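Values in this text are rule-based calculations from the coordinates and carry no lab data. The shown structure was predicted, so the numbers you read here are calculated from the model rather than taken from an experiment. No Cβ is skipped: glycine too gets one built from the backbone with ideal geometry, and neighbour counts run over all protein chains shown.
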Amino acid sequence: MNPLRREPAGFEAFDMLATMVAVVRPDGECLFANAAFENVMRLSRRAVERSNLYDWFVDAVRLSDTVTGVARNAYSSSRFDALLRRSNQPQELPLPVHVIVSQMDSSENSSEDQVLIELIENAQQTRQDREERTLDQVQATKELTRNLAHEIKNPLGGIRGAAQLLALELAPTAMGPELAEYTEVIIHEVDRLQSLVDRLLAPHRHAQVVGDVNIHEICERVRQLILVEYPRGLTIKRDYDISLPDFRGDREQLIQAVLNIVQNAAQALQARMAEADPQAPACITLRTRVARQVTIGKQRWRLALELHVEDNGPGVPAEIRDRIFYPLVSGRDGGSGLGLTLAQTIAQQHQGMLDCESEPGRTDFRLTLPLP
């Protein structure tokens, strides 16, 4: 047996990197893969290390020639762009990566040639930049919303009180019954605006009640609530990683955040539910995974949990895709545009992040929360 498989401790430092790293022989046999490689490929390290790395690439010839050249010392390193397959997601498009192939000193316990391959997602930096912009924009929007809500709240109380007094003054007069309808409209609309303002301020009004939280208990609670609301035509699948540990957080706030996300998905599926097509049923999948070496905003976390809420609906309209976490932005008639905003706010209060990938037939909201 290769000594690297018995004692991979010499490569432990590679697990601290956010980029994918593999150590291979010139023939492509994988001797070591780091944690980031496991995470991206959605495979265990053992499964990766039993494979041939060339099998994961769309154009294996170029990688093979490069690795051979580096192993023979024709050049010390080489860089190029390539497409990486994800084995257990054949329906997904290949992942564009930048490949860096470098020489390595042979192990003291082995005389065989070893080559270091580093893979950097081309979209990784773009995604991090987008997340940082989103966090900054949401923070600015949150402050504006809070200030605006407070400014609106005080006049609303005065308007409602004046309308009630006016209704009392009109009651004894001949025109009272006819004009009462107008005062009722004023009071009703003021109450509606008051409710909207209360929802905008809700995440900031109450202090967090922090305790041990299990993400799967939250998912099961939300699943139960949604199936009561949509008893027919909707399937909610579970795909849980039961190894995920508990973490510290506000259970009720997190239930509300996940409920808002799942309700948003269910509402997007209403047309499909109405069709009741057994060949293409309305489906929401709750998927939990562990992620390693995750950057959330500008902070690095060794471990994080990812909750994916995936639906097979029509997707988020392209014109609002970049603004769905802003308040009062909704792709649904009659929607308040607050559900995802509040979910993002709650995620940030837990040092986490909510993002979305959407295309027709597949929308995936990902809630990322750091783990201890």
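Ranked highest first by average number of other Cβ atoms within 10 Å, how do 48-54, 240-246 line up?
Ranking the peptides 48-54, 240-246 by packing returns 48-54, 240-246.
Taking 0.36 nm per intervening residue step and subtracting the Cα-Cα distance, what contour gain separates Leu17 from Leu193 on full extension?
58.5 nm is the gain from fully extending Leu17 to Leu193.
May I ask which residue of Gly297, Leu227, Gln267 lies farthest towards the positive end of the charge dipole of the range 215-324, with charges of +1 (Lys, Arg) and -1 (Asp, Glu) on Cβ and the Cα centre as origin?
Gly297
Could you tell me the calculated FRET efficiency between Gln299 and Glu319, based on Cβ-Cβ distance and R0 = 35 angstrom, to the nearest 0.05?
0.65
According to a simple spin-label model (label point 7 Å from Cα along Cα-to-Cβ), what is the distance in nm between Gln279 and Leu165?
Taking the two extended label points, one gets 6.7 nm.
Based on the mean of other Cβ atoms within 10 Å per residue, sort peptides 226-234, 62-70, 212-220 so the most packed one is first.
Answer by packing, highest mean first, reads 62-70, 212-220, 226-234.
List the residues, sorted by chain then number, that are 5 or more residues from Ile284 or on another chain and whose placed amide H is less than 5 Å from its amide H.
Thr235, Ile236, Lys237
So if I average 1/r over every pair of distinct C-alpha atoms in the range 244-372 and take the inverse, what Kirkwood radius in Å does that give?
Answer for the range 244-372: a Kirkwood hydrodynamic radius of 15.3 Å.
I need the phi-derived Karplus couplings for the range 264-271: 6.51 cos²θ - 1.76 cosθ + 1.60, θ = phi - 60°, integer Hz, Gly and Pro marked x.
4, 5, 5, 5, 5, 9, 4, 5
Take Leu156 and Ala271, extend 7 Å from each Cα along the Cα→Cβ direction, and tell me the distance between the two endpoints in nm.
Calculated label separation equals 3.3 nm.
Multiply the residue gap between Ile100 and His216 by 0.36 nm, knock off their C-alpha separation, and tell me the result in nm, one decimal place.
That pair, Ile100 and His216, stretches by 37.9 nm at full extension.
Of the listed peptides 301-312, 255-266, what is their order by residue-averaged count of other C-beta atoms within 10 Å, with the highest listed first?
Packing order, densest peptide first, comes out as 255-266, 301-312.
How far is it, in nm, from the label point at Leu225 to the one at Asp27 when both lie 7 Å from their Cα along the line to the Cβ?
5.7 nm
Beyond 16 Å, what percent of the Cα pairs of the range 200-313 remain?
65 percent
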